[in-house]
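A short worksheet on the structure shown next.
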Amino acid sequence: MSLIRFVRLLIEFKWVVILLPITLAATVFRLTKNEVREYTANSLLYTGLASGYNIESGGTTKIDNVTVNNAFDNLFNTMKSKSSMEEVGLRLLAQHIMLTKPDSAVASKYTFGKLREVLSEKEIKALADSTYEKTLQNVYEDIMKPQSKIAKVLMGAEKGIYSSAGILSRFSVNRQNNSDMVQISYSASDPAVVKKTLELITQVVIQKYKQIKINETGNVVAYFEEQLRNVSAKLKNSEDKLTDFSSQNRIINYYEQTKIVAVKEGDLEERIQALISEIESNRAVLKDLENKIGFKEDLVAKSKRFAALRDSINLYTTRLTLMEFESKPREQEIARVREKLSELESRFKSNVIEYYELSNTKTGIPAKMYFSEWINAVISIDKSQARLLILQDVKREYDIKYDRFAPLGSTISRYEREIGVIEKEYLTILGSLNLSKIREQNLMMSINLRVIDPPIYPSKPEPSKRMTLIVAAFMAGLILVIATIVGREFLDNSLKHPIKAEKEIGVPFVGALPLVDPQKHNILFNVIETYTLNQCISRIKKLSAGNTKIPQLVILCSTRKGEGKSYFVSKLCSRLNEGGTKCVWLNPHNYSDEEFSYAYTLKGSFASVVSLLDVDIQETFSDCEYIFFELPPLISHPIPVNLVKQAAFTLLLADSTRVWDSADQYVFQTYIEATTNPIGLLLNKVKHDFLEGIIGEIPKVRSWFRRTFKDLLIKRHQSKRTNVKLKYEMLKKEEESAWFNENGLADFVETRVEMPNPIDRQSRIKAEKAKGLGYYRVLQKRRYRWIKFSAGLGTMGFVGVCALYLFWQTTPESQYEKFTDFILGNQVDSLAKVKSRRIIPSLDSMILDPTLMDSIPDSVRHDSVKALIQKQNLTK
């Protein structure tokens, strides 16, 4: 689609393009007439989620963006949760219930009255209490009742100031760039409600967020503490079992005791074997000495004194041996026993020497030389035997102890394994408990939500969005209309354009006739028709140039009924006859009003027609150059193949306003197969805009604005003589009326005939009809001119208002005040310069006297004047 076509579509549907957006804008204007202005307040919180310090923080700790974003999402979802919003709404309701009259710092008169409309005074008195906490508790108890008005009406309203849905719809929270700051915003029609609600939101969110974080690890810590107590009890029970078992079995350290028993048993065995060897060797020595000395042992044994000494020596030897095997040897007593034993051994030796006289042995060697050895051998045997007895007794005791210790090992091992498992479980739970406590303390340190900027009481309402909505509605309507028009154009699959028709049908284009719209008075359809018929005649002449047969038979056909064949051929024949080319038109419609039209009979054997005689045409038309034979619709009638073959060429006529479908193509393909002669395409009802590529610029009456606008869109290289303006001027000149008469355009000549004032309606109608078409075109142009001028002024005004509104919306308040002061002037300077007796009497100087400030009305008093007066009052 070209730009020219787009502009023409907008002009074609100009009233829809204008009226629909204006209607939408007017509707929005009416609906937003009673718009409620809203107030907005903001609060800034510091979270510390991204850069806050905790136990796990370090000098090289990296920030995990995913974790930080997750933490902010958790915080935002906590703020927007239904429970948080409900708690905020109930707390705000409790504050309003405690009011006895409207308070601008808590609730306005409108909010106070709305609450009284829902809750009666009796119900409010039942809920209100002396303290805020008790009132809030009463509200909590009331919403639990089945028929509670608070729960159904106040808390259930979608846009109420107490409901969770209403608070959430006016509440917004955003993170400030990538910082730890979070901005909370809230809007409502009551500024006091805005401030109080925002304060309650910050309080509830901080409290709830801390509680959630504490509960995250509090339950874990409690779980591990409980498990630690259970494991501690199990460990104590197992240890008590082991202690009782050790006490009952006199076990201090089983493994050490077992080792000592085994070692000592081995030592005893070695010592016993050594004593046995020693006794045997001493006995052998003793026997040899006795043989050498030559006295008998029984003589010595008979001595009672000698026997008593030997018994004493054996007794002390046994006692010494027992003392040596004690776990804690007594060194002093052992030394005394050894001294006593030495003393007894000396006495025993001296007694034996006294008892026996010194004599020689059997070998002649003195007995004194062997006697001391014999005494030592006897004493050694006695001592060794005594020790052997003691050691054997001790070994029997160790064997008993060993037999008792052997089965105790498995039981102790089982107790120790049980204690070891419980100890590992205890240590694991203890470690998890310590980690949980560290995590809990870490979370406590990281939960440092603090209010940086508390909410302030909003003094000014938010700028109204009414004008923005109106402009948006206007633009939406405009875009909707334009989109519909463009979409309709793109979805239109009709032939409509000669070039498209050639591609769809596959036949070269010959001529066309425009679609006449009676409402478009500024378009010269007769001129367009003349141009198109002239071009059509030229192409027909070209098609018939190779055929010398006269008259030439021309078949005129269409695939469907109502395509406009009769209308087109009548215009064509009329134009040809006027130009000196005689032609006739044969039609099956019994239409013969024109001199060149003849009707033929449509018979049942129409498919077998060979000549004109077969359709009851007796004339030969030898003086005619063309015989236009109109066939009935091809889709409903047979094709006279023999007659078609005799034709010089065929003209297919199609309606440009309809779609060329497969049925049309199928029927026409059958016709193509029946003839070998050339075929041309005629288009009927073509919109004048699509004929510009064929006849050039469309002849119409254009205003200066449209001519200028079109010159900006396309480059025209036409001569000024062909300008439409000249053609329009010809309509007003009587000397050029002959040109219109020669070209069949007499209806376009303005006839300035003065008609008498009509009396009745019929006379007035006749008088109006008597005027020429040019007269009405001039009047129509004047009307269009005034309509366009009014529409232009209205559009400029609307655009100006929208521009001022957008400037007011987008300009900061400080710059806006400077701009208004520049345009309107500062009121103090204005009052100083304008000597107005109505505002300030006896103003003599150009500078305003400070004493006269009180005389300035508040309605025109500037903010600087108000501040100065307030400062003076404080000074006084």
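The values are calculated or read from the model by the stated rules, or taken from the named source; none is laboratory data. Note that the structure is a prediction, hence the values are computed from the model and not measured. Cβ atoms come from the backbone with ideal geometry, glycine included; neighbour counts cover every protein chain shown. In case anyone asks, the SASA skips ligands and DNA or RNA and just uses the protein heavy atoms, side chains included. Shrake-Rupley method; radii C 1.70, N 1.55, O 1.52, S 1.80 Å.
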Subject >> Candidates 651, 612 - the one that is under 20 Å from residue 560 (Cβ atoms) and crowded, with 19+ Cβ neighbours inside 10 Å >> reply: 651
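In the stretch 163-185, what residues are part of a loop (DSSP other than H, G, I, E, B) and surrounded by fewer than 16 Cβ atoms within 10 Å (Cβ to Cβ)?
The answer is 176, 177, 178, 179.
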Original post:
Pairs under 7 Å by beta carbon, first residue more than 17 Å from residue 152 (Cβ to Cβ) in the stretch 107-129, partner open to solvent by less than 30 Å² (accessible area, probe 1.4 Å) and part of a loop (DSSP other than H, G, I, E, B), six or more apart or different chains?
Top reply: 107/99; 107/190; 108/190; 110/190; 111/190; 112/99
**OP:** Restrict the check to the stretch 403-414 and report whether at least one residue is surrounded by 13 or more Cβ atoms within 10 Å (Cβ to Cβ) and β-branched (Val, Ile, Thr).
**Re:** yes
Subject >> Residue identified as farther than 22 Å from residue 201 by Cα, of a type outside the set (Val, Ile, Thr), modelled with pLDDT of 85 or more and open to solvent by 60 Å² or more (accessible area, probe 1.4 Å) among 101, 62, 82 >> reply: 101
**OP:** Given the conditions (1) in contact with a helix residue (DSSP H, G or I) (Cβ under 8 Å, 6 or more places away or on another chain); (2) assigned to a helix (DSSP H, G or I); (3) over 30 Å from residue 71 (Cα atoms), report the number of the one that residue 427 does not fulfil.
**Re:** (1)
Subject >> Checklist (1) at positive phi; (2) modelled with pLDDT of 90 or more applied to residue 40, failing item >> reply: (1)
**OP:** Go through the stretch 435-455 and give me each residue that's open to solvent by 20 Å² or more (accessible area, probe 1.4 Å), modelled with pLDDT of 85 or more and either out of contact with any strand residue (DSSP E or B) (no Cβ under 8 Å at 6 or more places or on another chain) or not aliphatic (A, V, I, L, M) (or both).
**Re:** 453, 454
Original post:
Here is a list of conditions, (1) open to solvent by 70 Å² or more (accessible area, probe 1.4 Å); (2) more than 17 Å from residue 403 (Cα to Cα); (3) out of contact with any helix residue (DSSP H, G or I) (no Cβ under 9 Å at 6 or more places or on another chain), and residue 240 meets all of them except one; can you say which number that is?
Top reply: (1)
Original post:
Among the residues of the stretch 617-645, which ones are part of a loop (DSSP other than H, G, I, E, B) and either open to solvent by 70 Å² or more (accessible area, probe 1.4 Å) or small (Gly, Ala, Ser) (or both)?
Top reply: 618, 619, 620, 622, 623, 635, 636
Original post:
farther than 30 Å from residue 108 by Cβ, among the basic types (Lys, Arg) and within 60 Å of the chain's Cα centre (by Cα): does that describe residue 387?
Top reply: no
Subject >> the stretch 500-538: number of residues that are open to solvent by 60 Å² or more (accessible area, probe 1.4 Å), out of contact with any Phe, Trp or Tyr (no Cβ under 8 Å at 6 or more places or on another chain), touching a residue at least 24 places away in the same chain (Cβ under 8 Å) and under 21 Å from residue 558 (Cα atoms) >> reply: 3
Original post:
So which of 564, 579 is open to solvent by less than 70 Å² (accessible area, probe 1.4 Å) and at positive phi?
Top reply: 564
